[in-house]
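Engineer: Dropping the structure in here first, questions after.
Just so it is clear, none of the values below were taken in a lab; they were calculated from the coordinates. As the structure is a computational prediction, the values presented were derived from the model and not from experiment. Positions of Cβ are generated from backbone atoms using ideal geometry, with glycine treated the same way; all protein chains shown enter the neighbour counts.
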2 protein chains.
Amino acid sequence: MTPSPLASFLRGGGAQEAHGAASRSCSPQEILRRLRSAIPGCPVLSEPEELRPYECDGLTAYRETPLAVAIPESIAQVQEILRVCCALRLPVIPRGAGTGLSGGALPRSGGLLLSMARFRKILALDPLNRTARVEPGVTNRAISEAAAPHGLFYAPDPSSEVACTIGGNIAENAGGLHCLKYGLTVHNVLAVKILTPEAELLTLGAEALDSAGFDLLALFVGSEGLLGVVVEATVRLLPRPPLARLIVAAFASVDSAAAAVGKLIGRGFVPAALEMMDNLAIRAAEEFVHAGYPMDAAALLLCECDGPPEEVDEQIALAEEQLRESGAYFLRLSCSEEERLLLWKGRKSAFPAAGRMAPDYYCMDGTIPRRALPEALRRIARLSAEYGLPVANVFHAGDGNLHPLILYDASRPDELKRAESLGGRISELCVELGGVITGEHGVGVEKLDQMCIQFRAAELAQFHRIKDAFDPEGILNPGKAVPLLHRCAELGAMHVHRGTLPFPGIERF
Amino acid sequence: MTPSPLASFLRGGGAQEAHGAASRSCSPQEILRRLRSAIPGCPVLSEPEELRPYECDGLTAYRETPLAVAIPESIAQVQEILRVCCALRLPVIPRGAGTGLSGGALPRSGGLLLSMARFRKILALDPLNRTARVEPGVTNRAISEAAAPHGLFYAPDPSSEVACTIGGNIAENAGGLHCLKYGLTVHNVLAVKILTPEAELLTLGAEALDSAGFDLLALFVGSEGLLGVVVEATVRLLPRPPLARLIVAAFASVDSAAAAVGKLIGRGFVPAALEMMDNLAIRAAEEFVHAGYPMDAAALLLCECDGPPEEVDEQIALAEEQLRESGAYFLRLSCSEEERLLLWKGRKSAFPAAGRMAPDYYCMDGTIPRRALPEALRRIARLSAEYGLPVANVFHAGDGNLHPLILYDASRPDELKRAESLGGRISELCVELGGVITGEHGVGVEKLDQMCIQFRAAELAQFHRIKDAFDPEGILNPGKAVPLLHRCAELGAMHVHRGTLPFPGIERF
């Protein structure tokens, strides 16, 4: 059985730890004094009651108390903070809104939490060029709101869009309901300004389709705070489609709904969104928001088509035909914007709604090739029975991005551990089916062990070399996203040659 | 005046050279003996007449003779070659079809040219998942041909598509006529298998929208052979649009055509292609292939719309309206597939056609924000007059990717040097206008000096760290793509503090 991610995180099995021990030779008081004198006027919280709100991110089961929380408001202040931390070799954990679900912004005991919450200015909006230049603490939704008067929007729409910030979206390469058609964060960010751990300001990417030199922008997006701190982002804006309509299709079996997904995409058009909910999720959502879903359905598909009206009509006709052929016994098409939003409301409320069915839930994230969807769902159902924990499935079916929701009760002995173990098995299933252990939530501390299954030692070693190329002292978000090779070896998930890992240059033991 | 790129390349000013000197202590005969004994049965060419075809790539003005050319046919053979070269610290220059235009596959005197021409198998084609798994020597066109029976195609379409290989496309992040709508190579490759210089096999990317860990795939695409050798690629296939129609619009001034581009895109749809030709290019093309272009036009726009017929009709109507409003005095719409191909033939023949107007031509490549198009074209015209060399403009206007074609006569004293210098000025103009020095051809040896203008020392230093993270001995394609900091300092293009570059860890002088 996979050990608890937090336990492993605390035993220090993540990406390299801060190499030096200088910070240990400095008292907490002395560290705070140095920080405060470097950035006069910038809040540096250190009282227990001030630190409490920062103890966790969206992966709420895990908590740590940082030494302090700094809340700078200028690039110069972040640079000063990084210089102090670099000199002290003090771990720095960057944080946006703290809505991440894999523990990427989990603080580190004795480390500094760097909140970018005060960087919330929209610096420029260029409707002709269709770009927005924003500070990292601007929320995802705020960008679309600012672009709306020009008929434009920012496409990635994670379900936390009201709260989550573009800096965090970049760190985790956030997706959302509509990334099937419009891509993930990496496809919608043109350039970023970052600070390296040594406080050097770099510009990655450009306002052009291609950029010269190595593509450090794409490398940076999704790097989970390990390579630098975003201080500015230029994002692409898209014209808002004139019309969007949603079809809700009900199926008598999960299998036929899952099979319909591949067939629908195989028809040659890409819906704006293609979501799936199983019966547990349907019932939870319907009882919660009364969207009008058929409660008896084994599975629903929600298929949105957007674009010019003629194109939408044609896609709707094609989709309805295919859904019927695939066995849908009930179809409902939104006939107004109000109806479309109501039908979406059920889907969007499914997570909190499922939360009403059990005291706790654990939201997983993995991606599989579309053709493996029926098998994946069958096997998740078997695993759910094996562990005796209900699993609701509400997910981005179109791009094969699963979000199994494991329901449990943390007050019962061992249930959290069982939920985590079941989650680990589901991640491993994704890899077995040719998929990956994350779709849009990132690895964080949650999926460190699964990284050992996803990648071979050669690839993990290359990740460490990349980390070293940006952060030689290892002060930025240590312990996250990339497991140490010895951790994988201890898990038995990696081949070890004659007692030595294949990359002695990286690590010996 | 910018010195000749080749001259600078030969004086050793590119990305780090092979660090060691072991290869110098080994005679050419001994190197050849070791190579041949490591890969029995694999051709290792070393006779002068055998080497001649490999002396240059598409940047034909520059030639070098390698020590030898190896033409392996299996991954194991490439691994053996890399092991020998690594041990000898012998430079290895990977080569696809050699159609690149920036000298990325220019051999190195005394180094090994690694031809991947025999890796030409299509390993798998999955119509349901819409992917193809291919060897790196498969041509771009061959992938689309294999996919055609399933109604699918591979989208990037560089003008060398018949000859160029997917391995080379990945190295240079190739684009093409239709990348405005369908993206560059990086947007259409899902995963690659590469060999590191130490012969380690790595898988980068996955058959999923997102992948865990750092995005090494995006980093690798466009890395110009500096980070590894592609030995397999999995690419995305797209459904072939049911209909495509082309509008040719003629303008009485370059300015109004250039302005029309921004307005057209501003209307909220993305044409499948949006190309521009100026009068010099129009005349050359029309006299060559008789496509029916109006010879008196100052500029043409070629706007292709594709998709379902209703959508195409709607886009055509919108485009025609906008083109007229922008001052087009002549519009022609293709009414059959034959007519569409004929109208494209002029554009596609423009480079060879322009070649008939002067003994030599030099094709530049840079990208600017769309809004800067009118100014860019005005200033290129002024530079052309200043240097006394005609410049024809035929380019991907929709994504601001310029391809000025400088016409010259290499037999006249100094004209090659003047053409290169003019090219350098055009690249610098792109940077000044907020653009980048390459759109799809790469930096190679051609634009090393312009990299010093595009990037600050901090960013170049980060590129070198990335190179070191993959190729610590610096044996892969040394001297290409990323200039050494001292070279930039010598050019006066980089700020030097008190006689020391800001990154002494990277380089001291």
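Engineer: Can you divide the C-alpha Rg of segment A:358-454 by 2.2 N^0.38 Å and report the result to two decimal places?
Structural biologist: Normalised Rg, Cα atoms only: 1.00.
Engineer: Now for a different question. Three principal axis extents, largest first, for the C-alpha atoms of segment A:171-223, in Å?
Structural biologist: Projected onto its principal axes, the Cα set of segment A:171-223 covers 37, 22, 14 Å.
Engineer: Additional query: With N denoting the number of residues in chain A, provide Rg(C-alpha) divided by 2.2 N^0.38 Å, to two decimal places.
Structural biologist: 0.98
Engineer: Let me ask something else. For A:S25, place a label point 7 Å from Cα along the Cα-to-Cβ direction in every copy; what are the distances to the other copies, in nm, shortest first?
Structural biologist: Copy-to-copy label distances at A:S25, shortest first: 3.9 nm.
Engineer: Are there chymotrypsin sites (Phe, Trp or Tyr not before Pro) in segment B:324-403 that DSSP marks as loop and that have at most 15 other Cβ atoms within 10 Å, and which are they?
Structural biologist: B:Y329
Engineer: If I histogram all Cα-Cα distances within segment A:28-115 using bins 5 Å wide from 0, what percent of pairs lands in each bin?
Structural biologist: The percentages, shortest bin first, are 3, 16, 28, 25, 17, 8, 2.
Engineer: Moving on. Give the separation of the Cα centroids, segment B:453-493 to segment B:86-165, in Å.
Structural biologist: 26
Engineer: For label points placed 7 Å from Cα toward Cβ, what is the shortest-first list of nm distances from A:G41 to its copies?
Structural biologist: For A:G41, the other copies' label points sit at 7.4 nm, shortest first.
Engineer: What FRET efficiency do you get for B:R52 and B:A298 if R0 is 51 Å and r is their Cβ-Cβ distance, rounded to the nearest 0.05?
Structural biologist: For R0 = 51 Å, the calculated efficiency reads 0.75.
Engineer: Which chain B residue sits with its beta carbon nearest the axis carrying B onto A, and how many Å away is it, rounded to a whole number?
Structural biologist: B:A218, 2
Engineer: Output, in nm with one decimal and in ascending order, the distances from the A:S74 label point to the matching label points of the other copies (7 Å from Cα along Cα-to-Cβ).
Structural biologist: Computed spacing set for this position: 6.5 nm.
Engineer: Remind me, relative contact order of segment B:109-160 in percent, using alpha carbon pairs under 8 angstrom and six or more residues apart?
Structural biologist: Relative contact order for segment B:109-160 comes out at 27 percent.
Engineer: Give me the Kirkwood hydrodynamic radius of the protein assembly as shown in Å, from all C-alpha pairs, to one decimal place?
Structural biologist: Computed over the protein assembly as shown, the radius equals 29.6 Å.
Engineer: Another question, if that's okay. With Rg and the Kirkwood Rh both taken from Cα atoms, where does Rg over Rh land for segment B:241-356?
Structural biologist: With Rg and the Kirkwood Rh in hand, the quotient comes to 0.95.
Engineer: Taking only C-alpha pairs under 8 Å that are 6+ residues apart, what is the relative contact order of chain B in percent?
Structural biologist: It rounds to 17 percent for chain B.
Engineer: Determine how many Å³ per residue the convex hull of the Cα atoms of segment B:91-172 encloses.
Structural biologist: Considering the Cα atoms of segment B:91-172, their hull volume per residue is 86 Å³.
Engineer: Now for a separate question. Report Rg (one decimal) and Dmax (nearest whole number) for segment A:206-256, counting Cα atoms only, units Å.
Structural biologist: 19.5, 53
Engineer: Where does the Debye-calculated log10 I(q)/I(0) of segment A:98-222 sit at q = 0.09, 0.21 Å⁻¹, using only Cα point scatterers of equal weight, no solvent?
Structural biologist: The computed values of log10 I(q)/I(0) come out as -0.25, -1.43.
Engineer: Let me ask you something else. Report the net charge of residues surrounding B:D57, where surrounding means a beta-carbon distance below 12 angstrom and charges are Lys +1, Arg +1, Asp -1, Glu -1.
Structural biologist: That sum, taken over residues with Cβ under 12 Å, equals -2.
Engineer: Okay, next question. Could you tell me the relative contact order of segment B:18-110? Use alpha-carbon pairs under 8 Å, at least six residues apart, and round to a whole percent.
Structural biologist: That works out to 38 percent.
Engineer: Can you pull out the cysteines in chain B that have no other Cys Cβ under 4.7 Å?
Structural biologist: Cysteines of chain B left without a disulfide-compatible partner: B:C26, B:C42, B:C56, B:C85, B:C86, B:C164, B:C179, B:C303, B:C305, B:C335, B:C363, B:C430.
Engineer: Further question: Any idea what angle helix B:457-470 forms with the longest principal axis of chain B, computed on alpha-carbon atoms, 0 to 90 degrees, nearest 10?
Structural biologist: That works out to roughly 60 degrees.
Engineer: Obtain the nm distance between the two label points defined at B:S109 and A:E386 by a simple spin-label model: each point lies 7 Å from its Cα along the Cα-to-C-beta direction.
Structural biologist: Computed distance between label sites B:S109 and A:E386 equals 6.5 nm.
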